[in-house]
Amino acid sequence: MPAVSFQNVSKTYSGPRGSLRALDAVSFDIQQGEFFGLLGPNGAGKTTLISILAGLARSSSGQVRVMGHDVVADYAAARMALGIVPQELVFDPFFSVRETLRIQSGYFGLHHNDAWIGELLDHLGLADKAGANMRQLSGGMKRRVLVAQALVHRPPVIVLDEPTAGVDVELRQTLWQFIARLNREGHTVLLTTHYLEEAEALCSRIAMLKQGRVVALDRTANLLAGTASTMLRFKTDQPLPAALAAQARVTGRIVQLKAHDAAEVETLLAALRAGGVRIEDLEIGRADLEDVFLEIMQGAPAIETIA
Amino acid sequence: MTPRNPLRGVRTLLYKEVLRFWKVGFQTVAAPVLTAVMYLLIFGHVLSDKVQVFDNVGYTRFLIPGLVMMSVLQNAFANSSSSLVQSKITGNLVFLLVTPLSHWAWFTAYVGASMVRGLSVGLGVFAVTAWFAPPGLAQPLWIVVFAVLGAGMLGALGLIAGLWADKFDQMAAFQNFIIMPMTFLSGVFYSVHSLPEFWNRISHLNPFFYMIDGFRRGFFGVSDVSPWLSLAVVGGSFLVVSTIALWLLKTGYKLRH
């Protein structure tokens, strides 16, 4: 039995200016114990898909199951099996951290849950903030409480919707160590993130969404191997020759050029020399997930807004 | 794994909703009590010789049950409606939406907490105002029945308003243009028999009139209409409002898009 199963999930939003198909027949399974990444640009439908999984939104058609439980027909069992860390930094200003976690446990029918709450507070570096009101916490601390809230009922499936957006390096490390540990202990993790290096480092399998459709679904290693390209990275302050500029990815001073083999690397370097481009910190490496992502996003078919 | 108790969920939500208003009790309980006492002092003083109500019941004594009931109703409504709108606007309703709690659990907890607040304020108003002019307790069972049903109905109405409103000003409109006029025009400050025929008839279409009239019966043993008629109207209204609230919760109206 898969931990999460999406079957032909579509979602159409109707508005005064016509309807928008946010998800179009999305189908894939996440196996138990997997660390699964869901990637895609803004507006690709990641949050809509997760909202349907969590019961925050309803699909227009299709079926979603968590640990075999349908999220609509058998919602109570499905939600017991699911812990969601929402993207927005929300909190209830009336309560302290410990009260928040006790109340959340109670919603799931759990009483005497203080031992596990204590463990969560320790692992997320919140122990000294347990008595603090939620309003007094910094953004990063509030984010940690959101993670703890999602885990109070020890769900077998954990969903993190962009958990590290706007979060400092220390919290990111603490968070990933903790989530990785939960994953090793058998929890299934579904992660959406904009930080592709995180997805590459953590996720064993990845689905990429674009305009509501799955455009790639494979093991991370296969996705990386699939492009089989070499990347030439260097820094420069000068403009590139027109022919190279068209195929280069430029981030500030950093230029990345794709090459299929060693001969092409030589050709590129020759073109740079001929163009009089002075380059620094030259590296030749394999393509990373960001390259794969961009390649897929540029090549994937688009879906028009339907009237 | 800690064993799971399904009733724990609804108890927790009820506890949380009660704690929410109790933590700001000065605003949610003490302030409405003071307002009601002001009404009693001012209206009671100004109108005591001018308004004719029941025989053998002085105006100040007559006013007390009306003020108690008005406080019960307004505060029961305010509790569920403001809690829901706040949670929707700040986004923390998501913590509840991801739980296995059923629509029955939501209804029981939100309406239950509204009743606790409405009845607490009502008890406070009664304790303070009765000191000025003890109204008597002729048929106490009616007092309990109408206080509980009235608080429940307004708690459920507040739930509907809270689900419907997307903004605080929509909520304020609901409160100021529907709840306030219906309470003020229900006979809190007068006996509807003293009204001209037309307005007397209109008052009989207002379910709030029956709540206050039935409630007052408990104190004085007299009322404008039979308490059994009031019970039927208030009970029926409670059922209708509750059914709508439960249906909205079940379908996820403005909650699950």
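From the set of residues in the stretch A:57-84 that are out of contact with any Gly (no Cβ under 9 Å at 6 or more places or on another chain) and free of Cβ contacts under 8 Å to residues at least 40 places away in the same chain, which is farthest from B:His257 (Cα to Cα)? Only one residue fits best here, namely A:His69.
Yes or no, residue by residue, for (1) buried (at least 24 other Cβ atoms within 10 Å of the Cβ); (2) among the basic types (Lys, Arg); (3) part of a helix (DSSP H, G or I); (4) within 14 Å of chain A (Cβ to nearest Cβ):
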residue: B:Arg61; (1), (2), (3), (4): no, yes, yes, no
residue: B:Met70; (1), (2), (3), (4): yes, no, yes, no
residue: B:Gln74; (1), (2), (3), (4): no, no, yes, no
residue: B:Ser81; (1), (2), (3), (4): yes, no, yes, no
residue: B:Gln86; (1), (2), (3), (4): no, no, yes, yes
residue: B:Ile89; (1), (2), (3), (4): no, no, yes, yes
residue: B:Ala105; (1), (2), (3), (4): no, no, yes, yes
residue: B:Thr108; (1), (2), (3), (4): no, no, yes, yes
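Of all residues in the stretch B:20-35, those that are within 12 Å of another protein chain (Cβ to nearest Cβ) have Cβ atoms under 7 Å from Cβ atoms of residues that are among the aromatic types (Phe, Trp, Tyr) and assigned to a helix (DSSP H, G or I), 6 or more apart or on another chain, in B:Thr28/B:Phe21. When you scan the stretch B:110-134, how many residues do you find that are buried (at least 22 other Cβ atoms within 10 Å of the Cβ) and more than 15 Å from the chain's Cα centre (by Cα)? Of the residues in the stretch B:110-134, 1 are buried (at least 22 other Cβ atoms within 10 Å of the Cβ) and more than 15 Å from the chain's Cα centre (by Cα).
Within the stretch A:263-301, how many residues are farther than 29 Å from A:Arg213 by Cα and in a helix (DSSP H, G or I)? Even if it seems obvious, please write down each step before you answer.
We begin by selecting, within the stretch A:263-301, every residue farther than 29 Å from A:Arg213 by Cα; these are A:263-285.
Restricting the remaining residues to those that are in a helix (DSSP H, G or I) gives A:263-274.
Adding up the residues that qualify gives 12.
Among the listed residues B:Ser203, B:Ser242, B:Ser191, B:Ser223, which satisfies the condition of being in contact with a Gly (Cβ under 8 Å, 6 or more places away or on another chain), crowded, with 19+ Cβ neighbours inside 10 Å, of a type outside the set (A, V, I, L, M) and over 22 Å from B:Val144 (Cβ atoms)? Answer to the selection: B:Ser203. Within the stretch A:54-81, the set of residues being out of contact with any Ser or Thr (no Cβ under 8 Å at 6 or more places or on another chain), under 15 Å from A:Asn8 (Cβ atoms) and more than 10 Å from chain B (Cβ to nearest Cβ) comprises A:Asp70, A:Val71.
Within the stretch A:263-289, the set of residues being surrounded by fewer than 18 Cβ atoms within 10 Å (Cβ to Cβ) and closer than 21 Å to A:Gly40 by Cβ comprises just one member, A:Asp288. Here is the figure for the stretch B:69-91: residues that are in contact with a helix residue (DSSP H, G or I) (Cβ under 8 Å, 6 or more places away or on another chain) and more than 18 Å from B:Gln27 (Cα to Cα) total 4. Once the stretch A:21-64 is narrowed to residues that are charged (D, E, K, R) and part of a loop (DSSP other than H, G, I, E, B), the residue that is surrounded by the fewest Cβ atoms within 10 Å (Cβ to Cβ) is A:Arg58. Taken together, A:Ile117, A:Ile84, A:Ile103 contain a single residue that is of a type in the set (A, V, I, L, M), part of a helix (DSSP H, G or I) and within 9 Å of another protein chain (Cβ to nearest Cβ), which is A:Ile103.
The single residue among B:Arg20, B:Arg8 that is surrounded by 13 or more Cβ atoms within 10 Å (Cβ to Cβ), touching a Leu at 6+ places or on another chain (Cβ under 9 Å) and closer than 23 Å to A:Phe108 by Cα turns out to be B:Arg8.
Which of the strands (runs of 3 or more DSSP E) contained wholly in the stretch A:163-262 include at least 2 residues that are surrounded by 18 or more Cβ atoms within 10 Å (Cβ to Cβ)? Before the answer, list the steps.
On the way: elements: A:188-192, A:205-210, A:213-219, A:230-235, A:249-251, A:254-259.
Because the criterion is at least 2 residues that are surrounded by 18 or more Cβ atoms within 10 Å (Cβ to Cβ), the strands (runs of 3 or more DSSP E) in the stretch A:163-262 that meet it are A:188-192, A:205-210, A:213-219, A:230-235, A:254-259.
Every number here is computed from the coordinates shown, using simple stated rules; none is lab data. Since the structure is predicted, the reported quantities are computational estimates derived from the model, not experimental observations. Cβ coordinates were reconstructed from backbone atoms using ideal geometry, including for glycine residues, and neighbour counts include every protein chain displayed.
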